[in-house]
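Have a look at the structure below before the remarks.
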Amino acid sequence: MQAFILTEPTGGAGLRLTDLPTPTPATGEVLVQVKAISLNPVDVKTAQGKAMYGRINAEPPVIPGWDISGVVSAVGAEVADFKVGDEVFGMVNFPGHGRAYAEYVAAPAAHLARKPSNISHAEAAAATLAALTAWQAFTAHAPVQAGQRVLVHAAAGGVGHFAVQLAKERGAYVIGTSSAAKRDFVRDLGADEHVDYQAGPFEQAVAPVDVVLDTVGGPNLVRSASVLKPGGRLVSILGMTPEATARAEERGATTTAFLVESNGAQMQELAARLADGRLRAHVSAALPFAELPAALRLVETGRTQGKVVVTL
Ligand SMILES: NC(=O)c1ccc[n+]([C@@H]2O[C@H](COP(=O)([O-])OP(=O)(O)OC[C@H]3O[C@@H](n4cnc5c(N)ncnc54)[C@H](OP(=O)(O)O)[C@@H]3O)[C@@H](O)[C@H]2O)c1
């Protein structure tokens, strides 16, 4: 099979398209013939020698990537849920060595779900790491309840565009931040309010909220804590700072940060929503597999809308 391996931690320039043996699925795994791969900022960081690089570099050949959609082409022992020919999607082995930048991926069955037949492989691949992050944020780490006010940062981004839709489904009043150019996109996702974070400090435009999802990090964290209601919760996907936690506690609120984890049962929840239209994946760019390094450079800009994928 062909796969992109990371030969040195120099970003997209360190990727090489190479011939490798097709993997054999181990116990509990299926072999997926990949039809689409989605890319994430963690792919960029890992290719630059940060994030997951230390883990995956210990297991050569280093095949980055985690998000796939494709067709089951072989089934390992003790796999009951999938058979050859099933269309599946998921975030594979995160945090760990996903080996997704390849024509074939041996994936734990427990990390996959059936791809809804009404969406493309590109859309399915897009609705994996980013969608699971939003799901885990609003179900486990800062559970969103009906009637709550929820602020989603980078609402036009990969995680944000799923977060807006999932918070709306849970009955929240949703405020999304983006630049002015992406206002209509954010409103079309269902956001009740849009804040242009470049027009002025967002904390001056946002009335107190119950939940903030911070996808930006840095100084944005403490500023986000300052818009929490008493009893509110700041959930970050870029770590937490003592300053942000202190600011939240002054307001009678709490903070947390987490790393998304592979979870096939949660992928099934997402699949049900993608199937009936409660959730939509927005693919803003779909490039051929051979152009994966160029797709990674798009993600590296930090300015993309929805998701960037490559197709095979
Ligand atoms: N902990 C975890 O498990 C986890 C999981 C997923 C992602 N992450 C991290 O979370 C971050 C976001 O991930 P992502 O996939 O959503 O990224 P992404 O898709 O690359 O986000 C791009 C979006 O960010 C927006 N943006 C940039 N700066 C902003 C700001 N200051 N305020 C509001 N919007 C801003 C851009 O909108 P404009 O062009 O309009 O500015 C763009 O639409 C990344 O650093 C990623 O590594 C962590």
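None of the figures in this text is laboratory data; all of them are computed from the coordinates on show. In this text, all values refer to a predicted model and were calculated from it rather than measured experimentally. Cβ atoms come from the backbone with ideal geometry, glycine included; neighbour counts cover every protein chain shown.
Which of the lysines could a cross-linker bridge to Lys115, judged by Cα under 22 Å and excluding same-chain residues fewer than eight apart?
Excluding near neighbours in sequence, the set is Lys35, Lys83, Lys307.
May I ask you to compute the full-extension gain from Asp276 to Glu291, defined as 0.36 nm times their residue separation minus their alpha-carbon distance, rounded to one decimal in nm?
Using 0.36 nm per residue and subtracting the Cα-Cα distance, I get 2.2 nm.
Distance in nm between label sites at Ala199 and Asn118, each 7 Å beyond Cα in the beta-carbon direction?
Inter-label distance under the simple model: 3.4 nm.
Would you work out the charge dipole size for the chain about its Cα centre, treating the Cβ of every Lys and Arg as +1 and the Cβ of every Asp and Glu as -1, and quote it to the nearest 20 debye?
Using only the charged Cβ atoms, the result is roughly 440 debye.
Taking only the alpha carbons of the stretch 59-124, what extent do you get along each of the three principal axes, in Å, biggest first?
34, 29, 19
Based on the alpha-carbon set only, what is the convex hull volume of the stretch 130-257 divided per residue, in Å³?
For the stretch 130-257, the hull spanned by Cα atoms encloses 84 Å³ per residue.
The stretch 37-79: which trypsin sites (Lys or Arg not before Pro) are DSSP loop and have at most 12 other beta-carbon atoms within 10 angstrom?
Lys50
Gaussian network model of the chain, Cα springs within a sub-10 Å range: biggest mean-square fluctuation belongs to which of Gln148, Gln198, Gln136?
For the chain, modelled as a Gaussian network with Cα springs under 10 Å, the answer is Gln198.
Please report the Cα spread of the stretch 200-312 along all three principal axes, rounded to whole Å, starting with the longest.
51, 32, 26
Which of the aspartates and glutamates could a cross-linker bridge to Lys50, judged by Cα under 14 Å and excluding same-chain residues fewer than eight apart?
Glu8, Glu300
Show me, for the stretch 3-11, the HN-Hα J-couplings you get by feeding each phi into the Karplus relation (A = 6.51, B = -1.76, C = 1.60, θ = phi - 60°), rounded to Hz, glycine and proline as x.
Result, ordered by residue: 8, 8, 10, 8, 8, 7, x, 10, x Hz.
Given just the C-alpha atoms of the chain, how large is their convex hull per residue in cubic angstrom?
In the chain, the Cα convex hull volume per residue is 120 Å³.
List the aspartates and glutamates whose Cα sits under 12 Å from the Cα of Lys182, skipping any in the same chain fewer than 8 residues away.
Those aspartates and glutamates meeting the cut-off are Asp196.
Can you tell me the length gained on complete extension of the stretch Leu259 to Lys45, counting 0.36 nm per residue apart and subtracting the Cα distance?
Using 0.36 nm per residue and subtracting the Cα-Cα distance, I get 75.6 nm.
Figure the gain on full extension for Arg303 and Glu78 (residue separation times 0.36 nm, minus the Cα-Cα span) and round it to one decimal in nm.
Contour length minus Cα-Cα distance gives 76.7 nm.
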